[in-house]
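Take a look at the structure below.
The values are calculated or read from the model by the stated rules, or taken from the named source; none is laboratory data. Bear in mind the structure is a predicted one, so any value in this text is a computation, not a measurement. Methodologically, a virtual Cβ is constructed for each residue, glycine included, from the backbone with ideal geometry; neighbour enumeration extends over all protein chains shown. In case anyone asks, the SASA skips ligands and DNA or RNA and just uses the protein heavy atoms, side chains included. Shrake-Rupley method; radii C 1.70, N 1.55, O 1.52, S 1.80 Å.
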Amino acid sequence: MDNFWQTLKDIGMSFVQNTGLAIVRTIAFFVLGLIIVKIVQSIVRASTYKSRHLDQAASTFIVSIITVILYIALIIVLVSSLGFSTAGIIAAFSAVALAVALALKDSLASLANGVIIIFTKPFKKGDHVEINSIDGLVQDIRLFNTKILTYDNIEVIVPNSEILSSDMINYSTMPLRRVVIDVPLPYSVDTAQAKEIILTCASSYDNVVNLPAPSVILSEYGDSALKFSVRVWTKNESYSDVLNGLREKLFNTLRLNGLEMPYSRLEVTLLNESNSDRPNDLEEDAQ
C-alpha cells in the first residue's frame, strides 16, 4: 500500500514539475502575450493615425499586418512552451501558406496592388477618378478592391489588380482645371467683335479665375461655321458648374448681341416647269 501511494506521489510530482508547470507557464505566456499585443496595437494605431504621411487606409493596413504577425508569434511561443517542436509546425504552416497562395493567386495580386495603391496614393477617398470608363468618386480603398460611386448613384467595386494595369485619370489632383467650350459662328461674323464679346462674357462669369487668364481663339474652319474656342480656368470643385453655366451664358449673350449660332440646314429648290410639250417633241423626234 505504501508503494502505491509513493507511486501516485511520484506521478503527481512529475506532473507538477513537468506537464503542470508547462501548462501554467503557457497560460501565463498567453495572458501576457494578449496584453503585449493590445499595448503594441495601441502604440502603432496612435502613431500611424497621427502621421501626416499616412492616410486612414494605410494606417489600418499597418495595424492589421502587425496584429497578424504578433498573433503568429504568440502561437509559436505557446506551442514551444508546451514542449512541442516548432520546426514541424512552421513547416506545416509554410505548406498551408503555399497552397493558399497558389489557390488565391488572383486575390493575392489584388492584395499586393492594394498595398501599392495605399502607399503610393494615386488617388484618395473623395477623389474624382475615371478607371476603365468608370467615372465617379472614390468611396473606399480596400486591400482587395476599391469602391467607386458614380454620378448616377451606382456603386462599382473595382479589383485593385485592374486599377494598376489600366489607364486611370484622377481629376482631383490639381487645384485648377481648364474649361474649354467651342462656339460656332457664321462666316459672315466680325471675328474681332466676336472674340471681344465672348471674352468679356467668359471673364465676368462666376468662379472663373484671372490667372491663368481667359482666352478666345479661332480654332477651326468648319463646313458651315467658324469655331471659336473659349478657354477659362476654375477651381477643381467648380468645374461642372462653370462648364454648364458658362455655355448657357455665352449662348444668351451672343443672341443679345445679334450673333446667332448656325445650324445645319437643307435648302430644297422646286422647279415649276411645264412639261406639256415634251410628249409631242418625242413624237416628232420619233418620226
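Values as computed for the structure displayed
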item: Glu196 vs. criteria at pLDDT below 90 and among the charged types (D, E, K, R); result: no
item: Qualifying residue in segment 151-165 (condition: within 30 Å of Phe251 (Cα to Cα) and more than 11 Å from the chain's Cα centre (by Cα)); result: yes
item: Contacts under 8 angstrom Cβ, first residue in segment 145-174 being of a type in the set (A, V, I, L, M, F, W, C), partner open to solvent by 80 Å² or more (accessible area, probe 1.4 Å) and at pLDDT 90 or above, 6 or more apart; result: Ile148/Glu155; Leu149/Glu155
item: Residue within segment 79-100 that is of a type outside the set (Ser, Thr, Tyr) and modelled with pLDDT of 80 or more present; result: no
item: Output for segment 172-190, where each listed residue is open to solvent by 30 Å² or more (accessible area, probe 1.4 Å), in contact with a strand residue (DSSP E or B) (Cβ under 6 Å, 6 or more places away or on another chain) and outside any loop (DSSP other than H, G, I, E, B); result: Leu176, Arg178, Val180, Asp182, Pro184
